[in-house]
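The values are calculated or read from the model by the stated rules, or taken from the named source; none is laboratory data. Nothing here was measured: the structure is a model prediction, and the numbers come from that model. FYI the Cβ positions are ideal-geometry reconstructions off the backbone, even for glycines, and counts take in every protein chain you see.
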């Protein structure tokens, strides 16, 4: 995951292996902007990953979640304050 983590705009990148199926992996990456994600998808690093996915016995599942807003504890505070 190192090559991805050092790319501009990468906030985090993790690789998970399914403990029930050792052939199943999940890559979770968070990008600062959509432009950073697009740049990553065009990179040689991602092209290598695509080649590996093509060799898989089962078709890979790709999902891109485009989050427009991230909020934290203030949401809980606002919810609690609105019930008073």
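Within segment 47-67, identify whether any single residue is farther than 29 Å from residue 8 by Cβ, free of Cβ contacts under 8 Å to residues at least 24 places away in the same chain, part of a loop (DSSP other than H, G, I, E, B) and under 20 Å from the mean Cα position of the chain (by Cα), and answer yes or no.
Checking segment 47-67: at least one residue is farther than 29 Å from residue 8 by Cβ, free of Cβ contacts under 8 Å to residues at least 24 places away in the same chain, part of a loop (DSSP other than H, G, I, E, B) and under 20 Å from the mean Cα position of the chain (by Cα).
Name the residues in segment 1-24 that are modelled with pLDDT of 90 or more and surrounded by 13 or more Cβ atoms within 10 Å (Cβ to Cβ), would you?
Within segment 1-24, 10, 13 meet the criteria.
Is there any pair with a first residue in segment 18-34 that is at positive phi and part of a strand (DSSP E or B) and a second that is modelled with pLDDT of 95 or more and surrounded by 10 or more Cβ atoms within 10 Å (Cβ to Cβ) whose Cβ atoms are under 7 Å apart and which are 6 or more apart or on different chains, and what are they?
none
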